[in-house]
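None of the figures in this text is laboratory data; all of them are computed from the coordinates on show. Because the structure is a prediction, the values reported are computed rather than measured. Here the Cβ positions follow ideal geometry from the backbone for every residue, glycine too, while neighbour counts run over all protein chains shown.
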Amino acid sequence: MEKLKIIIMGSWNTDGGVSRHTTPVAEWLMEWGYDVKVFTHYRECTLGYPLDVEDEDFLHRCFTYSGKKIPGKISFDSELLLKAIEEEGYNIFLAVDLGILPMEGLLEVFPRIKARAKTILLNHDCKPKPDDSPFWKFDWEAIVNFLPEQNGFMEEHYPAEKVHCIEFPVYEKSRGDRIKSCEKVNLPTDKNIILTFGEYNMVDFLPAVCEMKRDDPSIYLLALVYDEERKIKLEAKISEMKKTNPDIGYDEIRVENYSWQKRREYIQASMIVIFDKGEGVTGSGAILSSTAYQVIGWGTPILARDNLFFSPFSNWELIKYRNDEELTESVRMLLYDDKARKQVVKNAEKFALEHSPEKISKQFIKLFCEL
């Protein structure tokens, strides 16, 4: 059999769902000796928040988000991509989230890609594109969805035998030392740290948790935001809330534009992670919380407001709440009931093993080999 040489085209080194999808898979493939090249967007025009990390040797930046025109950049520079396929023998082309790629430019060179490589779409659309979208002009050898709900609309445009489902991966399971993790990220070792971060709502759950904090000063509330602008906006919201509730607030709001490895240190330094999309947010279509998938196996329980984003978690891998009363009950349980806490962590680690980079990557390899 011809040796697999894999190109992944999509988002990379950003804090977004597409990058969280491909990173654990690509890293596992490379660790096990597979030849992988990643082609991604310029830093100036990305999907997700660009992380402040160095680009790896296997990474090439060659397009703008959705092919948008920005000064001084070619919307899609296909030269290195075509060279890898036509001259270097890369024979698997995995496009991730077609909507963020330069579709028009990619469509022009697609016949040259198909002539030398098997083409696979890793679909991130939760609802179908319009019928007249160039999205439907690509003749893929295979389409991979990560939720069954995506299959229906994809099978309206492609033969059912081309449509596959491979579940979303988690990051590698890891148990950290809480004290050492606190020291690494300069957090107090004698506090029960409750953490929130990323694109989640950072104020709706605060009144309930701050009321608990009045009775238990060991609780330490930490929010991580991407940049100073977001920090200023969050501080302004909290200042407004303080007018009616002076006790509202975080112990610390940090600006952290970090690697996933540093995020893991923050997770493992914490006693609880809270993911709250906000009151009344339900979500629609084929969606999930890629952030929860990223951190679920890192040994710290997750509390999440109950909505569609967390529907894949149904066996107490994380704790869902619908209102402030359920939130405070869950915080108490995870802080003070050691048996319940251990059970949640155990369930989360089981989920992490079932969706491990190894298991998910091997499913991709099986598909590539079949093609």
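Evaluate the Kirkwood expression for the hydrodynamic radius of the stretch 134-191, namely the inverse of the mean inverse distance over all pairs of different C-alpha atoms, and round to one decimal in Å. Provide the component values of the computation, followed by the final result.
Values: mean 1/r = 0.0658 Å⁻¹.
Radius from the Kirkwood sum: 15.2 Å.
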Computed log₁₀ I(q)/I(0) - Debye formula, equal Cα scatterers, no solvent, the chain, q 0.08, 0.10 Å⁻¹: -0.44, -0.68
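Taking Cα pairs under 8 Å and at least six residues apart, what relative contact order does the chain come out at, in percent?
16 percent
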Net charge dipole size for the chain [Lys, Arg +1 and Asp, Glu -1 on Cβ; Debye, nearest 20]: 340 debye
Distant-in-sequence amide H partners of Lys118 (H built 1.01 Å from N, under 5 Å): Ile92, Phe93
Cubic angstrom per residue, convex hull over Cα atoms of the stretch 261-371: 112 Å³
Label zone at Ile74, where the point sits 7 Å out along the Cα-to-Cβ direction: the stretch 108-130 residues whose backbone N lies under 18 Å: 108-113
Mean Cβ neighbour count within 10 Å, used as a protection proxy, ranking 296-309, 157-170 highest first: 296-309, 157-170
Kirkwood-type radius of the stretch 53-175, with distances r between different C-alpha atoms, in Å: 16.0 Å
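Of the listed peptides 257-263, 211-217, 198-204, what is their order by residue-averaged count of other C-beta atoms within 10 Å, with the highest listed first? Intermediate results must be reported in sequence, preceding the final value.
Working: 257-263: 16.7, 211-217: 12.4, 198-204: 18.3.
Descending packing order for the listed peptides: 198-204, 257-263, 211-217.
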Rg and Dmax [Cα atoms of the stretch 178-354; Å; Rg one decimal, Dmax integer]: 15.4, 47
Residues Leu121, Leu335, sorted so that the one with the fewest Cβ neighbours within 10 Å comes first: Leu335, Leu121
Top positive-direction residue, dipole computed over the stretch 178-354 with Cβ charges, set Thr300, Leu195, Ile219: Thr300
